[in-house]
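One structure is given here, and the rest of the page talks about it.
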Amino acid sequence: MPIHEKSLIRPENIHVHEKLEIDGIDVSGHWSTFIESRVITDYNEAMEDEIRALPGGENIHRCWQCGSCTNSCTINAINPEFNPRYWIYLTRIGMEAELLRDREIIWQCVSCNKCTYACPRDVNPEGVMKALLHWLELKGHTAKSPSMHFDEEFAEQVFATGKIEEGRIIRGFFKRTGQELMQDWLVEMVKRMLRHLPVKMLFMMGMANVLRPRTRGWGGAQAAIAEYVVERKRADRRAFGLENAPAEQGPAEQGEVS
Ligand code: SF4
Ligand code: SF4
């Protein structure tokens, strides 16, 4: 028996018995096809509020599902499964389990912000992608994503010195994500830099790696940022009802920011 629009049904929801006989009648193969119920009982009615409580997710309620974000998305052009519009839709109606099916690809967002420029409703879809990643991690649905590791490495370096040094960021990122430092593309990039950049610039870059210079008068800004980070984490945990669970320590609480 043909199933119309079969392509719209997930293969795992279609069941067929290779061999089945009921009351002496052979209903093997497609005669025994059945499709799993689509009744959904596990809505997370707080999901939109949870995302709105996180930085970047504040305007998710403004989305009118025009699809401009997905149409303009860098990653969607190479992976059609990457669909910001759809994830915003799932979040707004609270289909948490459905969203979790894509938890391994949401982190692929490269923060190019094309979606944000295309959005006619000021939703800030790029920020929503970041909020979704943060949400997945806070709820324990995923380990930290590579982009989350990168953001943390970047932010910790700014907190500590008021500056960034690309070489240290790359090394720190590789260490956090368990990657080898000697990667072909990186070796090639360093060779080209050695060949083409002025000696003085190479010297300055080397010294910045060793001495870790700080922005002059950074102490005041550093203390204000540290205070903000602690407040922000507290607010996130409050939004998720996690006030009493053991908190992950950031640089401020670990005393790295002084
Ligand atoms: S910021 Fe992320 S979601 Fe937006 S267009 Fe770029 S890759 Fe796509
Ligand atoms: S472009 Fe903006 S309004 Fe349109 S679907 Fe994306 S987030 Fe929603």
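Only the coordinates and a few stated rules stand behind these numbers; no lab work does. A quick note: this is a predicted structure, and the numbers were derived from the prediction, not measured. All Cβ positions, glycine included, derive from the backbone under ideal geometry; neighbour counts span all protein chains shown.
On a per residue basis, the convex hull of the C-alpha atoms belonging to region 1-68 measures out at 151 Å³. Quick one: order TRP64, TRP218 by neighbouring beta-carbon count within 10 Å, fewest to most. Ranked by crowding around the Cβ, least crowded first: TRP64, TRP218.
Estimated at 0.36 nm per residue, the fully extended path between THR33 and GLU21 surpasses their Cα-Cα distance by 3.0 nm. Kirkwood hydrodynamic radius computed over the chain comes to 22.2 Å, based on all pairs of distinct alpha carbons. In terms of distances greater than 27 angstrom between alpha carbons, the cross-link table entries LYS6/LYS130; LYS6/LYS139; LYS114/LYS144; LYS114/LYS175 yield LYS6/LYS130; LYS6/LYS139; LYS114/LYS175. When the Cα atoms of region 116-158 are aligned to their principal axes, the ranges along those axes come out at 32, 28, 12 Å in descending order. Along the charge dipole of the chain, Cβ charges K/R +1 and D/E -1, which of HIS149, VAL128, LEU8 sits furthest on the positive end? Farthest towards the positive end: HIS149.
For the chain, the Cys residues with no second cysteine's beta carbon closer than 4.7 Å are CYS63, CYS66, CYS73, CYS109, CYS112, CYS119. Exposure proxy ranking for VAL210, VAL128, VAL16, based on other Cβ atoms within 10 angstrom of each Cβ and starting from the fewest, stands as VAL210, VAL16, VAL128. Quick one: pull the percentage of alpha-carbon pairs in region 118-192 with a separation above 20 Å. So the pairs more than 20 Å apart make up 50 percent of the total in region 118-192.
Which percent of the Cα-Cα distances in region 43-190 go past 24 Å? Tail of the P(r) past 24 Å holds 38 percent of the pairs.
Taking packing as the residue-averaged number of other Cβ atoms within 10 angstrom, the listed peptides 220-226, 187-193, 104-110 run from highest to lowest as 104-110, 220-226, 187-193. Computed from point charges on the beta carbon alone (+1 for Lys and Arg, -1 for Asp and Glu), the dipole magnitude for the chain about its Cα centre is near 1560 Debye.
To make sure I understand, if each residue's beta carbon is the centre and we count other beta carbons within 10 Å, what order do ILE169, ILE93 fall in, fewest to most? Could you put the intermediate results ahead of the total?
Details: ILE169 16, ILE93 13.
Final ranking by Cβ density, sparse to dense: ILE93, ILE169.
For region 156-213, report the % of Cα-Cα distances exceeding 17 Å. Value for region 156-213 (Cα pairs over 17 Å): 46 percent. Of the residues GLY217, PHE173, VAL229, the one whose Cα sits farthest toward the positive end of the charge dipole of the chain, with +1 on the Cβ of Lys and Arg and -1 on the Cβ of Asp and Glu, is GLY217.
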